[in-house]
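Structure, as structure tokens:
The values are calculated or read from the model by the stated rules, or taken from the named source; none is laboratory data. Predicted model, so just to flag it, every value in this text is computed and none were measured. Positions of Cβ are backbone-derived with ideal geometry, glycine not excepted, and every protein chain shown enters the neighbour counts. Accessible surface areas use protein heavy atoms only, side chains included; no ligands, DNA or RNA. Shrake-Rupley method; radii C 1.70, N 1.55, O 1.52, S 1.80 Å.
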Amino acid sequence: QVQLVESGGGLVQAGESLRLSCAASGRRVRVIPMGWYRQLPGEQRELVASITTGGNTNYADSVKGRFSISRDNAKNTVYLQMNSLKPDDTAVYYCAAGPSGSFGWGQGTQVTVSS
């Protein structure tokens, strides 16, 4: 298992930016695929962005061109840079290790975007 701690959420206005961080311990993030998910109350968790061990990235259509996932192997941390935020991006964001979080999930961080 991988222990994950997210940070960086908060309240911003539409059009602003946030960067989420996911600090991992227990396994090196460079050897496992990592992802960011988000969830609204009463809804299923959806994949927002992912990064493979080879560095390939994938994004949900709703965030393409605005969000960017990256990995700092030295810090064993994964980031989600979120630009041009919209009220529809409001959710709890979770970091996940392994395919569909098979190696672990973070506790989540709230992102709220006001119009």
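Results, tabulated for the structure shown:
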read-out	value
Near pairs, Cβ below 7 angstrom, 6+ apart or cross-chain, from segment 42-53 (more than 14 Å from Leu20 (Cβ to Cβ)) to any residue that is open to solvent by 80 Å² or more (accessible area, probe 1.4 Å) and modelled with pLDDT under 95	Thr53/Arg30
Considering residues of segment 80-100 that are crowded, with 20+ Cβ neighbours inside 10 Å and not aliphatic (A, V, I, L, M) only, the residue farthest from Leu47 (Cα to Cα)	Asp89
Residue match in segment 61-83 (condition: over 15 Å from Gly8 (Cβ atoms), at pLDDT 95 or above, among the aliphatic types (A, V, I, L, M) and under 12 Å from the mean Cα position of the chain (by Cα))	yes
Subset tally (residues that are open to solvent by 30 Å² or more (accessible area, probe 1.4 Å), more than 17 Å from Asn73 (Cβ to Cβ) and of a type in the set (Lys, Arg)) for segment 1-47	2
All positions within segment 101-115 that are surrounded by fewer than 15 Cβ atoms within 10 Å (Cβ to Cβ), modelled with pLDDT of 95 or more and either touching an Asp or Glu at 6+ places or on another chain (Cβ under 6 Å) or under 23 Å from Arg30 (Cβ atoms) (or both)	Gln107
